[in-house]
1. What dipole magnitude, in Debye to the nearest 20, does the chain give about its Cα centre under +1 on Lys/Arg Cβ and -1 on Asp/Glu Cβ?
2. Averaging sequence separations of C-alpha pairs under 8 Å and six or more residues apart, then dividing by the length of the range 71-156, give the relative contact order as a whole percent.
3. For all pairs of alpha-carbon atoms in the range 72-129, what percent lies in each bin of width 5 Å, listed from the first bin to the last filled one?
4. Taking 1 over the mean of 1/r across every pair of different Cα atoms in the range 12-74, what Kirkwood radius in Å do you get?
5. What part of the accessible area of the chain, given as a whole %, is carbon or sulfur when the probe is 1.4 angstrom?
6. Where does the chain land at 222 nm, in deg cm²/dmol rounded to the nearest 500, when only DSSP H runs of n ≥ 4 count, each adding -39500 (n - 2.57), divided by all residues?
7. To the nearest 10 square angstrom, how much accessible area does Phe33 have with a 1.4 angstrom probe?
Amino acid sequence: MRRPVEGEVHVHYGQIYVESAPDDHVPDLAEAFAGQRAGLCGAATPGFLWLNTGLHTGDVGFTVEVRDQAPPLDPAREDVVEVSFRPASDRSALVQWAGEDSWDLDLEETDHRVRYCASGMDRARETDTRSADDPQLDRYLLQFWPAPPRPSRTAS
């Protein structure tokens, strides 16, 4: 297992993304979530994931894991969704809103299953904004592993 991202990342508008398309097209909300029922991780646009957070603006806890196989589901996570994802190029990154910062994920250009897990979203949404001196409110785990495409699903 690799952890290309571990720590805190900054979010604006409750959003952060995984981008891999050569033109870095950022879809709008409706396009990113087209045909999906869960509103946590939009995977409808090829090569792109739209990840929602509870916090509107500030730093959230964030870990990305790249695995060889499906990990066990952590029962401590409050909100969990799984989607299918295939990078659109050999470069993929976790990208902050407006491209303010990014982290290379080094994903293979093959089909992946993605699990996006959240804890503390409701509390963070109520707070809205976190300043540098405030305690961490919400945290997220984004896991990738090779798997054939399947429909999106929620789990908990």
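The values are calculated or read from the model by the stated rules, or taken from the named source; none is laboratory data. Remember, predicted model here, so these are calculated numbers, not experimental data. When we count neighbours, we look across all protein chains shown, and the Cβ atoms used for this are built from the backbone with ideal geometry, even at glycine. For accessibility, only protein heavy atoms count, side chains too; no ligands or nucleic acids. Shrake-Rupley method; radii C 1.70, N 1.55, O 1.52, S 1.80 Å.
1. Working: 15 positive and 28 negative charges, 140 e Å.
Computed charge dipole of the chain: roughly 680 debye.
2. 40 percent
3. Each 5 Å bin holds this share of Cα pairs: 4, 14, 15, 19, 23, 15, 8, 2.
4. Evaluated on the range 12-74, it is 13.2 Å.
5. 46 percent
6. Roughly -1500 deg cm²/dmol at 222 nm, from the helical runs in the chain.
7. We get 30 Å² for Phe33.
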